[in-house]
Amino acid sequence: RWRRGTAAPGDGPAASRSSAPSPTAPPVATERWHVRAATTYPELDLAAGLVLAWSDARLMGLDPATGHTRWSRSARLGGAGVAKGSGGTPLRGGTAAGFAYLLDNTSFPWALSAVRASSGAVAWRQALDTYPLTPLVRTGDVLCFGVDGAVRAIGSDGGAARWSVSVDATGGLAAGGGVLVAAGEHALCGLSAATGRQLWRYALASGATPVVADGLAIASDTHGTLHAVRAADGAAVWRRAIHAAGPTPYAAGVLYATTDPGTVYALRTATGATVWTRRLGNPTNESYGYPSVLGHSDGTLHVGGNDRIVYALDAATGRPRWTYPAAVSLTTAPVTATGLVFIGTRDGYARALVPPNGGDRAGA
């Protein structure tokens, strides 16, 4: 659920560096393999050394080197007419600690299965009385998710109910340091992950896509302004009005964000100061109201562009390392393993890309 609008000027520190355009076009990646995984836009994860490809009918575990199917598990999604808060396939509950969490309605009204990512075997299955509105977040020994008007936690070892609290989490959940952060229509709330007890509340209009990093909880508001508060007590630390849209991945003290017009920001997590910015693509090519999507791996920021291009940027400088033309899924970021980059495309294929010169670090 992306939030848009116009932010007031003057919030936060000024930009420190704008990444200059490359004098020559970056090299183009090549394709190693492709596998039909869905009717359109499969969503991808990595777990237990496999590429997991999600569709509205099944979950597949693919060998990252060859694309061969190691296992496949079908799921039924009846005419429930639901849509995940992430905007993706309704079956995708997320991945954590070697498990993929599969949602379907084979039992009324919903069932959650913990699937071993290595083999596709079901470790446990639990009926749910309502559909999760957010992807599941694992913290400690509980799985947390948002439902209509509440946040719930179930045991990660069997799905038994642990706690439920009346807190709005329609904008998403994030966890770190024993704190679960819920973004809602009117506030960002910090909860004890163990008990659900509310620890703090920070007023925020239409909070979305929270992240917990370096002792801070960070989320965007309805205007695309990023707000950073202390995860322990909710005290305000900084804010930046950058028209942020979509999830903001974190790595090594830096938060990465994209905007509706197509600019990617790298921000110091501790202060919100700009490390670099990079304008990508043509903002008039925005696809179905989704911004570009970002994923970080080993010093490279991979961008699934809403201009139908995949970009690999040097995470330290923002300079493009390579590109690949493709209409990719804008609900999950590209993922990487064994030197390859994996994307889901509009025609329903999962594709493995080979970065030029043998890897993402080439040309850094």
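The values are calculated or read from the model by the stated rules, or taken from the named source; none is laboratory data. This is a predicted model, so every value here is computed, not measured. Here Cβ is always computed from backbone atoms with ideal geometry, including for glycine, and neighbour counts include all displayed protein chains.
Residues of segment 307-319 that are surrounded by fewer than 22 Cβ atoms within 10 Å (Cβ to Cβ) and not charged (D, E, K, R): Ile309, Ala316, Thr317. Checked against (1) closer than 15 Å to Trp200 by Cα; (2) touching a residue at least 60 places away in the same chain (Cβ under 8 Å); (3) among the charged types (D, E, K, R), Arg239 passes all but condition (1). Screening Gly253 against (1) modelled with pLDDT of 95 or more; (2) crowded, with 18+ Cβ neighbours inside 10 Å leaves a single unmet condition, (2).
Matching residues to (1) of a type in the set (A, V, I, L, M, F, W, C); (2) closer than 20 Å to Ala150 by Cα; (3) in contact with a strand residue (DSSP E or B) (Cβ under 9 Å, 6 or more places away or on another chain):
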| site | (1), (2), (3) |
| --- | --- |
| Ala182 | yes, yes, yes |
| Cys189 | yes, yes, yes |
| Gln198 | no, yes, yes |
| Pro210 | no, yes, yes |
| Ala217 | yes, yes, yes |
| His223 | no, no, yes |
| His227 | no, no, yes |
| Asp233 | no, no, yes |
| Val237 | yes, no, yes |
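Do we have Thr39 as outside any loop (DSSP other than H, G, I, E, B), modelled with pLDDT of 80 or more and polar (S, T, N, Q) here? Criteria not met by Thr39. Here segment 26-49 is the region considered, the condition is being touching a strand residue (DSSP E or B) at 6+ places or on another chain (Cβ under 9 Å) and β-branched (Val, Ile, Thr), and the residue that is surrounded by the most Cβ atoms within 10 Å (Cβ to Cβ) is Val35. Residues that are part of a strand (DSSP E or B) and on the phi > 0 side of the Ramachandran plot: does segment 197-213 have at least one? Scanning segment 197-213, I find at least one residue that is part of a strand (DSSP E or B) and on the phi > 0 side of the Ramachandran plot, so the answer is yes. Within segment 214-226, the set of residues being farther than 17 Å from Val179 by Cα and either assigned to a strand (DSSP E or B) or of a type in the set (D, E, K, R) (or both) comprises Ser220, Asp221, Thr225, Leu226.
Any residue at all in segment 177-197 that's basic (Lys, Arg), farther than 19 Å from Pro247 by Cβ and surrounded by 15 or more Cβ atoms within 10 Å (Cβ to Cβ)?
no
Okay, residues lined up against (1) part of a loop (DSSP other than H, G, I, E, B); (2) at pLDDT below 95:
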site	(1), (2)
Leu112	no, yes
Ser118	yes, no
Leu133	yes, yes
Arg152	no, no
Asp168	yes, no
Ala175	no, no
Leu180	no, no
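Restricted to segment 159-174, and to residues there that are over 24 Å from Thr222 (Cα atoms) and of a type outside the set (A, V, I, L, M, F, W, C), the residue that is surrounded by the most Cβ atoms within 10 Å (Cβ to Cβ) is Gly159.
Checked against (1) more than 23 Å from the chain's Cα centre (by Cα); (2) in a strand (DSSP E or B); (3) closer than 24 Å to Leu50 by Cβ, Gly158 passes all but a single condition, namely (2). The test for being part of a loop (DSSP other than H, G, I, E, B) and buried (at least 23 other Cβ atoms within 10 Å of the Cβ) holds for Pro247.
Out of segment 337-348, which residues are at pLDDT below 95 and surrounded by fewer than 24 Cβ atoms within 10 Å (Cβ to Cβ)? Ala337, Thr338, Gly339, Thr345, Arg346, Asp347, Gly348, listed by residue number.
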